[in-house]
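Everything on this sheet refers to the single structure shown next.
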Amino acid sequence: MWRTDDLDAADGTKTAQVESLVLRRIERGDLSIGSRLPSERVLAERLGVSRVTVVRALDQLRADGVLETRRGSGTHVRPLDRLLDPIAPASTVSRTQTEKTDAEAPLLDLRFATTAAPHDVAEACAQLVTGGLPQAMGGDGPPPGGSAGLRAVLAEQLTREGVPTEADQLTLTVGAAAGLNAALAGLDLGAGVAITESPTYPAALDILRRHNLDIVGWPAGVWDPDQLAHLCRRHKPKLIYLQADNHNPTGLSLPADRRTEVVEIARRYDAALVCDETLRPLWLSDTEQPGPLSRYPRTVSVGSLSKTVWGGLRVGWVRSGRQLRRRMTTAAQLNITSPSALDDLLAQALADRLDQLVVRRRARLRANLAALETGLRTLPGVAWATPTGGMTLWLELTELRSRRVLEIARSHGLLLSAGELFTPDGADRRHVRIPFTAPPETLGLVVSRLGQALTEASVHSI
């Protein structure tokens, strides 16, 4: 693991090279929290440098809070925020390349705005072994719709976030998408029209269509109530589905002064209003966050822990009236779409850490977004609105078609999603979604490769 060839002369002096090598090992996951480094003598021998060089490098890393040395137990990696919560999954940066890419450069795959697990998950799992798991093993898992214990925990969390919620208002599912599916099954709207933002979450488009709903787009980021009222008069929708907070993919939010009007329009035209609030906790703006749509009566909301905690924690929910909850329980096959016993227990074990975890994740995402925007300002022919929160930025290519640019970006080892995937009619040709879950160093590479693709595409278009 430690070889002379691992040092990179581009990092500067020998001391800086050793320091940078340790940091790279940490960023790539070769070293995790608590990992022990070789002794100074062994490290010097393996890297082919003097022991003094190693001592200086490790002293600087200790001063920076990266390492700690305990008498008798050696030098270990400290629990840094970027290790406690990497946010981006390991698959974001991969050495696996396609035939058309540079085999020496890592592949950057940002097609999916998914999340890795924070270190809190490992600690909570360890606690379960001697905590709630032995007792739970005596049963056959939670009932359809989730355990009373987890529903109570999530109800308390939603209440703290400004949405007074009782446990019997929640139906638990394996995620927000499953929650939307369950809500639609319970509503039993029949064939008709659904209005949703354009662009929007692609999985939501698929679910709406599976429930025999034709989709009409309402421009996200504009959110013009008069236009929504016009669409309702024209199409008589049975459903309005919105992501009002930190919307995926734009990262924008429905302005506070339009929320009541939107709710009133839905009621006026007798359309069920379903809002996805999964990304609501990840508010990054310095301005005050508007109140949630779910606080309005008769509004059905869905959410999950996939963005605030981990994509692998399959816990979502529907917040609704009790009558709809009863209908969902019988109509949505909740026996196969409810969280497993392990997911249920893990979510409960993480409940006391959730607020702290969200605060930490917000700080990381703010830093990532700032780095991404700084880089994007150096590129020609791009425009965007700064997200209020969430995990994604919606980049407009003002002079080029996104599909062509992304084809070239692929050849440079960068994978991103084109705007057409997020629109009901698939007609968007100018946008690209960029998740900012990766650390600033990786996002710097993203901007560099995107810049190369833009330059090559511009040349070819002449």
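Looking across the range 105-160 at every residue that is of a type in the set (Ser, Thr, Tyr) and out of contact with any Leu (no Cβ under 9 Å at 6 or more places or on another chain), the one that is modelled with the highest pLDDT is identified as THR159.
Restricted to the range 125-223, the set of helices (runs of 4 or more DSSP H) holding at least 1 residues that are of a type outside the set (Asp, Glu) and surrounded by 22 or more Cβ atoms within 10 Å (Cβ to Cβ) comprises 148-160, 176-187, 202-210.
Give the number of residues within the range 1-23 that are among the polar types (S, T, N, Q) and open to solvent by 50 Å² or more (accessible area, probe 1.4 Å).
Applying the first criterion (among the polar types (S, T, N, Q)) to the range 1-23 yields 4, 13, 15, 17, 20.
Keeping just the survivors that are open to solvent by 50 Å² or more (accessible area, probe 1.4 Å) gives 4, 13.
Count: 2.
Would you tally the residues in the range 1-16 being in contact (Cβ under 8 Å) with a residue 40 or more places away in the chain and in a helix (DSSP H, G or I)? It would help to see each step written out before you state the result.
Step one: filter the range 1-16 for residues in contact (Cβ under 8 Å) with a residue 40 or more places away in the chain, giving 2-4, 6-7, 15-16.
From what is left, the residues that are in a helix (DSSP H, G or I) are 4, 6, 15-16.
Final tally of qualifying residues: 4.
Could you tell me whether ILE26 is among the β-branched types (Val, Ile, Thr) and surrounded by fewer than 19 Cβ atoms within 10 Å (Cβ to Cβ)? It is false that ILE26 is among the β-branched types (Val, Ile, Thr) and surrounded by fewer than 19 Cβ atoms within 10 Å (Cβ to Cβ). In this structure, GLY48 qualifies as over 24 Å from GLU441 (Cα atoms), in contact with a Ser or Thr (Cβ under 7 Å, 6 or more places away or on another chain), surrounded by fewer than 16 Cβ atoms within 10 Å (Cβ to Cβ) and not β-branched (Val, Ile, Thr).
Evaluated against (1) open to solvent by less than 20 Å² (accessible area, probe 1.4 Å); (2) touching a residue at least 40 places away in the same chain (Cβ under 8 Å), THR299 falls short on exactly one condition, (2). Per the conditions (1) farther than 17 Å from SER91 by Cα; (2) part of a loop (DSSP other than H, G, I, E, B), the sole criterion not satisfied by THR437 is (1). Scan the range 228-249 residue by residue and report those that are outside any helix (DSSP H, G or I) and either surrounded by fewer than 20 Cβ atoms within 10 Å (Cβ to Cβ) or more than 23 Å from the chain's Cα centre (by Cα) (or both). Of everything in the range 228-249, those that are outside any helix (DSSP H, G or I) and either surrounded by fewer than 20 Cβ atoms within 10 Å (Cβ to Cβ) or more than 23 Å from the chain's Cα centre (by Cα) (or both) turn out to be LYS236, PRO237, LYS238, LEU239, ILE240. The residues of the range 270-297 that are touching a strand residue (DSSP E or B) at 6+ places or on another chain (Cβ under 7 Å) and charged (D, E, K, R), listed by number, are ASP276, GLU277.
The values are calculated or read from the model by the stated rules, or taken from the named source; none is laboratory data. What you are looking at is a predicted structure, and each value in this text was computed from that prediction instead of being measured. Cβ sites come from the backbone with ideal geometry, for glycine too, and all protein chains shown count toward neighbours. Only protein heavy atoms, including side chains, enter the accessible area calculation; ligands, DNA and RNA are left aside. Shrake-Rupley method; radii C 1.70, N 1.55, O 1.52, S 1.80 Å.
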